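The values are calculated or read from the model by the stated rules, or taken from the named source; none is laboratory data. In this text the structure is predicted, and so the values were computed from the model without any measurement. Cβ placement follows ideal geometry from the backbone for every residue including glycine, while neighbour counts extend to all protein chains displayed.
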Amino acid sequence: MIPGLAEPLAVTAQVGAVLDTLQVPYLIGGSLASSLVGLPRATQDVDLVAELEPAHGPPLVSALEADFYISDTAVRDAIRRSASFNAIHLGTMFKVDVFVSAKTPLLASEMARRRWVEAGPHRLPVAAPEDVVLQKLVWFRKGGGVSEKQLSDIRGVLRVTGARLDQGYLDAWIARLRLEPEWARVRG
């Protein structure tokens, strides 16, 4: 088990078990993903991308509401708009941000490439290292290009994956998403 990640992983696994029961494809992204495929760091929340449909909303809320603060209205709205909602674990106050997949080509590719990672007693679907890098680049740009955490996470993934990184895949998506300036900053 990665030190400091036991609680986030346990809470994530609890939400993941519900998504599995509902047969909703999902993956872990964000800083927890970069910690699992790169260099670990403490995190205040977990980001999940889930392919939720309107029929999933009520049973998801019903299954989580005993252990999580979760708003049925927020879940329905997020599913309708392909937006996000959060579920806050009542026992730990750990937050799970669920991003409803907008089914973009990048997210479809990311979902198809997810990898199952053994993290202690948990087996969880995590974005592939290349997709973690791409999403971190996207969030770096959305944040105005000032988040050193995003850059540090990317560099950690690059350091751990090294030559195993699918550079062709990464280069193609960087060009397609026009992330060359952000990528140059990471590499510089």
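Odds and ends about this structure:
- Check on THR92, in contact with a Pro (Cβ under 7 Å, 6 or more places away or on another chain) and among the polar types (S, T, N, Q): no
- Selection from region 8-32 of residues that are hydrophobic (A, V, I, L, M, F, W, C), within 12 Å of the chain's Cα centre (by Cα) and either outside any helix (DSSP H, G or I) or closer than 11 Å to GLY156 by Cα (or both): LEU27, ILE28
- Number of the exception - LEU107 against (1) within 25 Å of VAL24 (Cβ to Cβ); (2) modelled with pLDDT of 95 or more; (3) surrounded by 15 or more Cβ atoms within 10 Å (Cβ to Cβ); (4) of a type outside the set (D, E, K, R): (2)
- Those residues of region 25-62 which are at pLDDT below 95, hydroxyl-bearing (Ser, Thr, Tyr) and touching a strand residue (DSSP E or B) at 6+ places or on another chain (Cβ under 8 Å), in sequence order: SER31
- Region 131-188, residues that are surrounded by fewer than 17 Cβ atoms within 10 Å (Cβ to Cβ), in a loop (DSSP other than H, G, I, E, B) and either within 20 Å of the chain's Cα centre (by Cα) or modelled with pLDDT under 95 (or both): GLY143, GLY144, GLY145, VAL146, SER147, LEU165, ASP166, LEU177, GLY188
- Boolean, PHE85 is closer than 18 Å to TYR26 by Cα, of a type outside the set (Asp, Glu) and surrounded by 20 or more Cβ atoms within 10 Å (Cβ to Cβ): yes
- A search for C-beta distances below 8 Å between a residue of region 159-188 that is closer than 19 Å to LYS142 by Cβ and in contact (Cβ under 8 Å) with a residue 60 or more places away in the chain and any residue that is hydroxyl-bearing (Ser, Thr, Tyr) and assigned to a helix (DSSP H, G or I), counting only pairs 6+ apart in sequence or on different chains, returns TRP173/SER109.
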